[in-house]
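Right, one structure below, let's go through it.
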Amino acid sequence: MLTKFSRVSALAAFLSLLLASLPVAADPNKADTSAPRPARIISAGGVITEIVYALGRADLLVGVDSTSQFPAAALKEKPNVGYVRALSSEGLLSLKPTSIIAIESAGPPDVLKAVEEAGVKITRVPEVATPAGISAKITEVASLIGEKEKGVALAAAIDKKFEALDGLRAKIEKPRRALFILSFQNGRAMVGGRTTSADGIITLAGMKNAASALEGWKPISDEALLEAAPDVIIAMDHGPQTVTVDSILAVPAFAATPAAKSKSVLIFDGGYLLGFGPRTPDAARDLLLAAYPDLARSDQHSSRQ
């Protein structure tokens, strides 16, 4: 026979098991940390922004940097976090991002480190100025935003454009020598040497880099400029400073170049030429046709037939 104490103990054990099996009511004052936060991405780099828009996921962006000039809607629709190499932790964290996708040169490094330590995931995307580098960027960004299939399709479409560009470039009989001007500093031109995006776009456009003796972005002396003897001079209409055909030719050393004598001075949008993103095959084609007028006329004639 059960004693009174035994019956009470058994009842208590039964009630304990019953309560344990019941669902626990959620505390309305406590946030649910089990559900993933909706993606809030900051793009630090114009090419990153361009890729995200090309993949149709601009809705994921809560901020872009000031180099995000394409599409034009980006800086109109999204908060501007500042220049890609001069970001601030306060500006980035104020947008409460879940992640930041940044080009390799984004910074300063200590700012990105501080943001990362605050719990924001940061992915740095390599800047490789080649067709393969563009495909890799697209693939990585697409994966980061959950659009792998769209990324594969976009990369394939761009590869086809590069194949067409290869065919056009093969028609060039004598490659011209090109010099890419970034800006003028203290009267000297800052030009793109080896390992720069300028070198990459010059090569894609079927020309030789007249500044190949230099590495990186470097000032060029008058003597080196005369020795480089560029047939084509390329400059940006939106760069660190306004550069025009007249301002270039006003520099005596430039006025003595073959490019000046043949008036082969080409002014392009800097982001278009140097971005190395989805628009690069078109940019390289436009530059090639501008540098080789005879080929451009032949190409126009072929397109009419």
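The values are calculated or read from the model by the stated rules, or taken from the named source; none is laboratory data. If you're wondering where the values come from, they're calculated on a predicted model, not measured in any experiment. Here Cβ is always computed from backbone atoms with ideal geometry, including for glycine, and neighbour counts include all displayed protein chains.
Which one is surrounded by the fewest Cβ atoms within 10 Å (Cβ to Cβ) among residues in the stretch 139-167 that are more than 16 Å from residue 61 (Cα to Cα) and in contact (Cβ under 8 Å) with a residue 40 or more places away in the chain? If we take residues in the stretch 139-167 being more than 16 Å from residue 61 (Cα to Cα) and in contact (Cβ under 8 Å) with a residue 40 or more places away in the chain, then 164 is surrounded by the fewest Cβ atoms within 10 Å (Cβ to Cβ). Taking (1) within 19 Å of residue 116 (Cβ to Cβ); (2) surrounded by fewer than 21 Cβ atoms within 10 Å (Cβ to Cβ) in turn, residue 76 satisfies each apart from (1). Would it be correct to say that residue 211 is in contact (Cβ under 8 Å) with a residue 24 or more places away in the chain, touching a strand residue (DSSP E or B) at 6+ places or on another chain (Cβ under 9 Å) and more than 20 Å from residue 129 (Cβ to Cβ)? So residue 211 does not fit the description; no.
Whenever a residue of the stretch 82-102 is assigned by TED's automatic domain parsing to the domain that holds residue 48 and among the polar types (S, T, N, Q), its partners that are in a strand (DSSP E or B) and surrounded by fewer than 16 Cβ atoms within 10 Å (Cβ to Cβ), lying with C-beta atoms within less than 6 angstrom and at least six residues away or across chains, give the pairs 99/121. Could you tell me which of the residues 282, 286, 269 is surrounded by fewer than 20 Cβ atoms within 10 Å (Cβ to Cβ), in the same structural domain as residue 224 (by TED's automatic domain parsing), modelled with pLDDT of 95 or more and farther than 16 Å from residue 207 by Cβ? Answer to the selection: 282.
Taking the stretch 168-191 as the range and being surrounded by fewer than 16 Cβ atoms within 10 Å (Cβ to Cβ), among the small types (Gly, Ala, Ser) and in contact (Cβ under 8 Å) with a residue 12 or more places away in the chain as the test, only 187 passes. Among the residues of the stretch 103-133, those identified as in contact (Cβ under 8 Å) with a residue 24 or more places away in the chain and part of a helix (DSSP H, G or I) are 111, 112, 114, 115, 131, 133.
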